[in-house]
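> Got a structure for you, questions after.
The values are calculated or read from the model by the stated rules, or taken from the named source; none is laboratory data. Since the structure is predicted, the reported quantities are computational estimates derived from the model, not experimental observations. Neighbour counts run over all protein chains shown; Cβ positions are idealised from the backbone, glycine included. Ligands, DNA and RNA are excluded from the accessible area calculation, which covers all protein heavy atoms including side chains. Shrake-Rupley method; radii C 1.70, N 1.55, O 1.52, S 1.80 Å.
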Amino acid sequence: NNPAVNKYPSYKTPGIVDIFPTIARYMNINIPEAVSREVDGVPFTGNVSLIDMNVNYFQDKLDLGWTALDDSDTGTVKIWVATTNAVKTGGRDEYKLLGIYPIKDKHATIDVKQFPSDFYKVVIEGKYNSINKWYVPSTAK
(Lines give C-alpha, C1' and ligand atoms only; values in the text may rest on other atoms or scores of the structure.)
Protein backbone atom coordinates (compact mmCIF):
# COMPACT_ATOMS: atom_id res chain seq x y z
CA ASN A 1 0.00 0.00 0.00
CA ASN A 2 2.88 2.36 -0.71
CA PRO A 3 1.53 5.49 -2.44
CA ALA A 4 4.77 5.77 -4.42
CA VAL A 5 4.04 2.52 -6.31
CA ASN A 6 3.64 3.37 -9.98
CA LYS A 7 1.36 1.88 -12.68
CA TYR A 8 3.84 -0.85 -13.66
CA PRO A 9 2.43 -3.53 -11.31
CA SER A 10 -1.02 -2.84 -12.80
CA TYR A 11 0.27 -3.97 -16.20
CA LYS A 12 2.61 -6.82 -15.26
CA THR A 13 3.71 -8.63 -12.15
CA PRO A 14 7.11 -7.20 -11.19
CA GLY A 15 9.95 -9.70 -11.35
CA ILE A 16 13.06 -10.23 -9.31
CA VAL A 17 15.03 -8.08 -11.79
CA ASP A 18 12.86 -5.12 -10.78
CA ILE A 19 14.07 -5.13 -7.18
CA PHE A 20 17.52 -3.63 -7.83
CA PRO A 21 16.34 -0.58 -9.81
CA THR A 22 13.58 -0.03 -7.24
CA ILE A 23 16.01 -0.08 -4.31
CA ALA A 24 18.51 2.10 -6.17
CA ARG A 25 15.80 4.65 -6.87
CA TYR A 26 14.54 4.54 -3.27
CA MET A 27 18.06 5.11 -1.94
CA ASN A 28 18.77 7.84 -4.51
CA ILE A 29 21.71 5.88 -5.92
CA ASN A 30 22.77 7.31 -9.26
CA ILE A 31 23.60 4.45 -11.62
CA PRO A 32 26.09 5.55 -14.31
CA GLU A 33 24.68 5.44 -17.84
CA ALA A 34 27.07 2.71 -19.03
CA VAL A 35 25.91 0.50 -16.16
CA SER A 36 22.23 1.40 -16.33
CA ARG A 37 22.08 0.29 -19.96
CA GLU A 38 23.05 -3.19 -18.76
CA VAL A 39 20.57 -3.31 -15.86
CA ASP A 40 17.43 -5.32 -16.46
CA GLY A 41 14.25 -4.40 -14.68
CA VAL A 42 11.94 -1.49 -14.11
CA PRO A 43 11.50 0.28 -10.78
CA PHE A 44 8.01 -0.19 -9.39
CA THR A 45 8.11 3.06 -7.41
CA GLY A 46 8.31 6.60 -8.70
CA ASN A 47 7.70 7.78 -12.24
CA VAL A 48 8.10 5.30 -15.09
CA SER A 49 7.67 6.13 -18.77
CA LEU A 50 7.66 2.73 -20.45
CA ILE A 51 7.79 -1.02 -19.89
CA ASP A 52 7.49 -4.31 -21.75
CA MET A 53 9.86 -4.00 -24.69
CA ASN A 54 9.72 -6.44 -27.57
CA VAL A 55 12.15 -6.78 -30.47
CA ASN A 56 11.79 -8.57 -33.78
CA TYR A 57 14.16 -8.64 -36.74
CA PHE A 58 13.25 -8.69 -40.43
CA GLN A 59 14.91 -7.53 -43.66
CA ASP A 60 17.82 -5.85 -41.86
CA LYS A 61 15.46 -3.97 -39.55
CA LEU A 62 14.70 -4.09 -35.85
CA ASP A 63 10.97 -3.86 -35.18
CA LEU A 64 10.52 -2.50 -31.65
CA GLY A 65 7.49 -2.19 -29.43
CA TRP A 66 6.89 -0.93 -25.90
CA THR A 67 4.10 -0.09 -23.50
CA ALA A 68 3.78 3.57 -22.54
CA LEU A 69 2.34 3.94 -19.05
CA ASP A 70 0.75 7.34 -19.63
CA ASP A 71 -1.38 7.64 -22.78
CA SER A 72 -1.33 11.44 -22.47
CA ASP A 73 2.49 11.55 -22.52
CA THR A 74 3.59 13.74 -25.43
CA GLY A 75 7.30 13.05 -24.88
CA THR A 76 9.73 11.03 -26.92
CA VAL A 77 11.91 7.98 -26.57
CA LYS A 78 15.48 7.61 -27.77
CA ILE A 79 16.50 4.33 -29.32
CA TRP A 80 20.10 3.27 -28.80
CA VAL A 81 21.78 0.20 -30.31
CA ALA A 82 25.14 -1.46 -29.64
CA THR A 83 26.67 -4.32 -31.61
CA THR A 84 29.43 -5.11 -29.12
CA ASN A 85 29.58 -6.73 -25.71
CA ALA A 86 32.76 -5.17 -24.34
CA VAL A 87 31.10 -5.08 -20.91
CA LYS A 88 31.70 -8.84 -20.72
CA THR A 89 35.45 -8.22 -20.44
CA GLY A 90 35.25 -5.05 -18.33
CA GLY A 91 35.01 -2.62 -21.24
CA ARG A 92 32.31 -0.23 -22.34
CA ASP A 93 29.92 -0.67 -25.23
CA GLU A 94 29.43 2.12 -27.72
CA TYR A 95 25.73 2.71 -28.22
CA LYS A 96 24.58 4.60 -31.28
CA LEU A 97 21.46 6.77 -31.23
CA LEU A 98 19.38 5.46 -34.12
CA GLY A 99 16.21 7.44 -33.66
CA ILE A 100 13.88 9.56 -31.57
CA TYR A 101 10.17 8.68 -31.65
CA PRO A 102 6.99 9.82 -29.90
CA ILE A 103 6.47 7.59 -26.87
CA LYS A 104 2.75 7.36 -27.66
CA ASP A 105 3.58 5.56 -30.96
CA LYS A 106 4.60 2.51 -28.90
CA HIS A 107 6.46 1.23 -31.97
CA ALA A 108 9.46 1.95 -34.17
CA THR A 109 11.24 0.22 -37.02
CA ILE A 110 14.99 0.80 -37.14
CA ASP A 111 17.12 0.02 -40.19
CA VAL A 112 20.32 -1.72 -39.06
CA LYS A 113 21.64 -2.69 -42.48
CA GLN A 114 24.67 -0.47 -41.94
CA PHE A 115 25.35 -2.23 -38.62
CA PRO A 116 25.57 -5.94 -39.50
CA SER A 117 26.05 -7.98 -36.35
CA ASP A 118 25.45 -11.37 -34.76
CA PHE A 119 23.41 -9.59 -32.07
CA TYR A 120 21.94 -6.22 -31.13
CA LYS A 121 21.75 -4.67 -27.68
CA VAL A 122 18.80 -2.27 -27.77
CA VAL A 123 17.94 0.41 -25.20
CA ILE A 124 14.78 2.50 -25.31
CA GLU A 125 15.23 5.59 -23.17
CA GLY A 126 12.19 7.44 -21.86
CA LYS A 127 11.95 10.50 -19.65
CA TYR A 128 11.86 8.52 -16.39
CA ASN A 129 13.38 5.15 -17.20
CA SER A 130 15.03 3.01 -19.84
CA ILE A 131 14.38 -0.57 -20.86
CA ASN A 132 16.74 -2.91 -22.68
CA LYS A 133 16.79 -6.14 -24.56
CA TRP A 134 19.23 -8.19 -26.57
CA TYR A 135 18.22 -9.52 -29.94
CA VAL A 136 20.06 -12.36 -31.64
CA PRO A 137 18.84 -12.94 -35.20
CA SER A 138 18.12 -16.59 -35.89
CA THR A 139 20.77 -16.60 -38.65
CA ALA A 140 23.53 -15.92 -36.08
CA LYS A 141 25.67 -18.89 -35.12
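> Just one of (1) out of contact with any His (no Cβ under 7 Å at 6 or more places or on another chain); (2) closer than 22 Å to Asp18 by Cα; (3) touching a residue at least 40 places away in the same chain (Cβ under 8 Å) trips up Gly65, so point out which.
Exception for Gly65: condition (1).
> Please specify each residue of the range 101-130 satisfying the condition of being basic (Lys, Arg) and open to solvent by less than 60 Å² (accessible area, probe 1.4 Å). Talk me through it step by step, then tell me what you get.
We begin by selecting, within the range 101-130, every residue basic (Lys, Arg); these are 104, 106, 113, 121, 127.
Lys121 - this is the single residue of the range 101-130 that is basic (Lys, Arg) and open to solvent by less than 60 Å² (accessible area, probe 1.4 Å).
> Considering the range 68-93 alone, what residues qualify as being modelled with pLDDT under 95, of a type in the set (D, E, K, R) and assigned to a loop (DSSP other than H, G, I, E, B)?
Asp70, Asp71, Asp73, Arg92, listed by residue number.
> If you take the residues of the range 119-137 that are touching a residue at least 24 places away in the same chain (Cβ under 8 Å) and assigned to a loop (DSSP other than H, G, I, E, B), which of them is farthest from the chain's Cα centre (by Cα)?
Ranking the qualifying residues of the range 119-137, first place goes to Pro137.
> Still on this structure, I have one more. Could you tell me whether the range 20-37 includes any residue that is surrounded by fewer than 14 Cβ atoms within 10 Å (Cβ to Cβ), assigned to a loop (DSSP other than H, G, I, E, B) and in contact (Cβ under 8 Å) with a residue 12 or more places away in the chain?
no
> Also: Report whether or not Asp60 is at positive phi and open to solvent by 50 Å² or more (accessible area, probe 1.4 Å). So that I can check it myself, show each step before the final result.
Numbers: at positive phi: yes; open to solvent by 50 Å² or more (accessible area, probe 1.4 Å): yes.
Yes: the conditions hold for Asp60.
> Report every pair of residues separated by at least 6 positions or lying on different chains whose Cβ atoms are under 6 Å apart, first residue within the range 96-110 and over 9 Å from Ala68 (Cβ atoms), second modelled with pLDDT under 95 and part of a helix (DSSP H, G or I).
none
> Residue under question is Asn47, and the condition is that it be more than 28 Å from Val112 (Cβ to Cβ), touching a residue at least 60 places away in the same chain (Cβ under 8 Å) and either among the small types (Gly, Ala, Ser) or open to solvent by 70 Å² or more (accessible area, probe 1.4 Å) (or both); does it hold?
Details: more than 28 Å from Val112 (Cβ to Cβ): yes; touching a residue at least 60 places away in the same chain (Cβ under 8 Å): yes; either among the small types (Gly, Ala, Ser) or open to solvent by 70 Å² or more (accessible area, probe 1.4 Å) (or both): yes.
Spelling it out, Asn47 is indeed more than 28 Å from Val112 (Cβ to Cβ), touching a residue at least 60 places away in the same chain (Cβ under 8 Å) and either among the small types (Gly, Ala, Ser) or open to solvent by 70 Å² or more (accessible area, probe 1.4 Å) (or both).
> Another one. Take the residues in the range 131-141 that are at pLDDT 95 or above and open to solvent by 60 Å² or more (accessible area, probe 1.4 Å); name whichever of them is farthest from Asp71 (Cα to Cα).
My answer is Trp134.
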